[in-house]
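Shown next, in structure tokens, is the structure this report addresses.
The values are calculated or read from the model by the stated rules, or taken from the named source; none is laboratory data. In this text the structure is predicted, and so the values were computed from the model without any measurement. Neighbour counts run over all protein chains shown; Cβ positions are idealised from the backbone, glycine included.
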């Protein structure tokens, strides 16, 4: 599949790092390119690529540059540590020589050539592309990195959820005030010019970033005065965390994906005909880079025959067209446009199974090694038990579980609950990462109001914050009247999004316990605490066993950032 020249106008802004020829020789063999914003890492141990992706989530630099500076150069040009004995020094030098030999080998024998095994590729072409045996495409995975992609596009890809493991550059620990070619880091859809709204859009986006920059110093000073015992780096992270609500959904960021072949094929297929040009461009570029590494996984995207291509395009249109097909029906069913509803962050338990606890307890008994009764018989017996007997079953099943990270059993999957939640987009992004449940969200909008961080009010910075937010909302409404999808780019992360979660109680244990820890962000911690309170009312026996933290903390991740960074660096040294 050749690059569609029509998509080039949707390319996101990107300024590649400049490398010397010597650096290119060291770095080139490990990536599908060094000068484009979309690329595939080629040859890494699982530990190294995992540590590298995690490291770059909290660093401003491009993943490739970090790999060169932290994973290549220190070992090719080693310096002897003060506490290293002679044997340790010789081992470090030996590793450096072996690494250089490996790089030299890869320069002569590129990894894309070494692993282009004809037998393997013909196998996948036959059984995956021709016969549709998707299970074999789950047996291998690859990484794909986007260095400059808007949060709208990133969330589109992450909405796929199953099969893809993403890790984004953090908005809580990374400064987003730097520019690309003299412009703040946000995406501008070419359709805005056709609407006659590009100038207003740019003015609103620049205003958001200018407020982000202007409020940084006074907020840092106020936080330093209020928390004099905190390290400067912790204060800086708190500044980014507090101001990230000003960042619009058009903000350009980095995301790295690990996925199996089936997941990437679906990601590309569902995106090539999307209504947003940026997403179509990103899908095309992802296809091009993945094709260099795993072309056989993508045969159904571009089968090569006229008939096959027509089927592939029809499928892509089907996947991308669901929203457009449904929109007229929504207007027909709801002829009156809904009014804005800025009612604050809200959580509602809108559906649950009244027999949920009985079904969970029945599941615990049903799976016992000496049980041979049918599900119906077990459930009827459980219904006849009194509360004390039911609690005994639950306590026995959970006996020995002492930490929240210890997984609960699959019997908890026998009961489901549905929440509808309205919360700010910044905090929603953390809950969106939970993949073992059904999540559906509405388009980003300014219809539900926004959250004002308490620090902004306490530091007497409300007016500039509010001005930037209101200007963005005004432009959003103008664009939304023409194209609500494009209007999403305008929405700052402090504005709220409405979404639904349909989850079983096993996932409830994991999410409620994880997202209420003291180190978590208070915005999503409060949401999870509300969810727990609602769940207590309908499943009182089960919630007694949840390790949910209902405390309040004045400083999210207080004192933790330096420890986290130290642990990450220790882990990287061990893995390398």
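Residue 230 meets each of the listed conditions (1) more than 23 Å from residue 249 (Cα to Cα); (2) surrounded by fewer than 16 Cβ atoms within 10 Å (Cβ to Cβ); (3) in contact (Cβ under 8 Å) with a residue 40 or more places away in the chain; (4) out of contact with any helix residue (DSSP H, G or I) (no Cβ under 7 Å at 6 or more places or on another chain) apart from (2). Based on this model, can you work out whether residue 146 counts as in contact (Cβ under 8 Å) with a residue 60 or more places away in the chain and either farther than 28 Å from residue 501 by Cβ or in a loop (DSSP other than H, G, I, E, B) (or both)? No; evaluated as a whole, the condition is false for this residue. Could you say whether any residue in region 447-459 is surrounded by fewer than 18 Cβ atoms within 10 Å (Cβ to Cβ), touching a residue at least 60 places away in the same chain (Cβ under 8 Å), touching a strand residue (DSSP E or B) at 6+ places or on another chain (Cβ under 9 Å) and not in a helix (DSSP H, G or I)? For region 447-459, residues surrounded by fewer than 18 Cβ atoms within 10 Å (Cβ to Cβ), touching a residue at least 60 places away in the same chain (Cβ under 8 Å), touching a strand residue (DSSP E or B) at 6+ places or on another chain (Cβ under 9 Å) and not in a helix (DSSP H, G or I): absent.
The residues in region 261-278 that are under 30 Å from residue 520 (Cβ atoms) and in contact with a helix residue (DSSP H, G or I) (Cβ under 7 Å, 6 or more places away or on another chain) can be counted, and the count is 1.
None of 382, 360, 378 is surrounded by 15 or more Cβ atoms within 10 Å (Cβ to Cβ), in contact with a helix residue (DSSP H, G or I) (Cβ under 9 Å, 6 or more places away or on another chain), under 19 Å from residue 415 (Cα atoms) and in contact (Cβ under 8 Å) with a residue 40 or more places away in the chain except 360.
Condition first: over 29 Å from the mean Cα position of the chain (by Cα) and buried (at least 18 other Cβ atoms within 10 Å of the Cβ). Now tell me which residues in region 399-419 satisfy that. If the condition is that a residue be over 29 Å from the mean Cα position of the chain (by Cα) and buried (at least 18 other Cβ atoms within 10 Å of the Cβ), then no residue fits.
When each of 128, 99, 76, 106 is tested for being at pLDDT below 65 and surrounded by 13 or more Cβ atoms within 10 Å (Cβ to Cβ), the lone residue that passes is 128.
Picking from residues in region 17-49 that are surrounded by fewer than 19 Cβ atoms within 10 Å (Cβ to Cβ) and within 23 Å of the chain's Cα centre (by Cα), the one that is nearest to residue 294 (Cα to Cα) is 44.
With respect to the conditions (1) modelled with pLDDT under 95; (2) outside the structural domain of residue 38 (by TED's automatic domain parsing), residue 263 lacks only one, and its number is (2).
Could you please find all residues in region 420-431 being surrounded by fewer than 21 Cβ atoms within 10 Å (Cβ to Cβ) and within 20 Å of residue 534 (Cα to Cα)? Within region 420-431, 420, 431 meet the criteria.
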